[in-house]
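Since the structure comes first, as structure tokens, the remarks are kept for the end.
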Amino acid sequence: MFINTDGIVLKSIKYEESDSIIVIFTRKLGKISVLAKGARRSKSTFLSGTQVFSYSNFSIRRNGNMYKLNQCEVKQNFYNLSYNIDTLAHASYINSLVEQNIFENQTNNRLFDLLLKTLYLYSYDDANYQLITNIFELKFLDYIGYKPNVLKCTDCGNTNLNKGKFSIREGGMLCNECIGADNYSIKIDPTTVNLIEYILKNDIVSCNKIRVSTYILNQLDNILKKYLMTHIENLNLKSLNFLENLKG
């Protein structure tokens, strides 16, 4: 029986002479591995739809431990993401975050929509890549169960966070009375706290329209990278380091 589902190609692996094994994040089945016979041939009808970042409708059939591709219809190939090294670095980084941190055959439609919208936002000529990536990271953490708490103290529940600090280890804000629980807690600007709260409550497209100072954005980026390295076990340090090197 064939299954039709929309999906985004997260990864492509060369297989035999002209085949590919593609890892697809699908709406109906979650993350799956699919054998695409002859996909690397220049005249293959699979060639465009099986490239990394491609958003397509896939017709697949179960074949042992994976699926076999029958047809694919491209909805958006996102070729333009490869034309600029900055765009490619950001898009590759978020792709690897998703690919390495979701389980096989487990759907997450909120995350699917987030990834798709993020790829579209990267495609715009005036895109602020760092802002888009930071929004993605924060909402990604929320959608996989590692949402940072900025509304109350993670230790005592106190909502008075004046003079409080952000604890990477504890997963959010510590009030002034509890900052001793983490000697490495970080002083954080109230504007950054408000920005985190806003991003967690709103859609990425709306969040992308806000104006953020370089100082606040850099503080958010620094906190998120440390947070990810602490809480996400399968973090692709190669893609993260490449992204960080571009800033230098």
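The values are calculated or read from the model by the stated rules, or taken from the named source; none is laboratory data. Everything numeric in this text was worked out from a predicted model, so none of it was measured. Cβ coordinates were reconstructed from backbone atoms using ideal geometry, including for glycine residues, and neighbour counts include every protein chain displayed. Side chains are part of the model used for accessible areas, which takes the heavy atoms of the whole protein and leaves out ligands, DNA and RNA. Shrake-Rupley method; radii C 1.70, N 1.55, O 1.52, S 1.80 Å.
Here is how the numbers come out for the structure above:
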| item | result |
| --- | --- |
| Region 167-248 shape via C-alpha gyration tensor axes, a/c threshold 1.5 | oblate |
| With all protein chains modelled, accessible area of Val212 [1.4 Å, Å²] | 40 |
| Cβ-based net charge around Leu115, under 14 Å, with every Lys or Arg adding one and every Asp or Glu removing one | +1 |
| Distance between region 111-137 and region 150-181 - C-alpha centres, whole angstrom | 30 |
| Percentage, to the nearest whole number, of Cα pairs in region 1-107 over 19 Å apart | 39 |
| Theoretical FRET efficiency, 1/(1+(r/R0)^6), r = Cβ-Cβ of Lys28 and Lys209, R0 22 Å, to 0.05 | 0.10 |
| Environment charge of Asn101, counting only residues whose C-beta is closer than 11 Å and scoring Lys/Arg +1, Asp/Glu -1 | -1 |
| Solvent-accessible area per residue for region 156-207 (1.4 angstrom probe, square angstrom) | 54 |
| Viscosity 1.002 mPa s, 20 °C: Kirkwood-radius Stokes-Einstein D of the chain over Cα pairs, µm²/s | 111 |
| Environment charge at Gly38 (Cβ cut-off 15 Å; Lys +1, Arg +1, Asp -1, Glu -1) | +3 |
| Fraction of accessible area attributable to carbon and sulfur, the chain (%, probe 1.4 Å) | 46 |
| Per residue convex hull volume, Cα atoms of region 46-125, in Å³ | 102 |
| q = 0.17 Å⁻¹: log10 I(q)/I(0) that the Debye formula gives for region 127-180, counting C-alpha atoms only | -0.58 |
| CD proxy at 222 nm, helix term only [per DSSP H run n ≥ 4: -39500 (n - 2.57); per residue of the chain; nearest 500] | -11500 deg cm²/dmol |
| The chain: relative contact order in percent, alpha carbon pairs under 8 Å with at least 6 residues between | 15 |
| Gain upon complete extension [Lys147, Asn162; 0.36 nm per residue less C-alpha separation] | 3.3 nm |
| Tyr79-Asn245 pseudo-label distance in nm [points 7 Å out on the Cα-to-Cβ vector] | 2.8 |
| Of all DSSP beta bridges in the chain, antiparallel share, percent nearest 5 | 90 |
| Heavy atoms of Glu16 accessible to a 1.4 Å probe, total area in Å² rounded to 10 | 120 |
| Whichever lysines have a C-alpha closer than 20 Å to that of Lys75, once near sequence neighbours (fewer than 8 apart) are set aside | Lys11, Lys28, Lys31, Lys43, Lys117 |
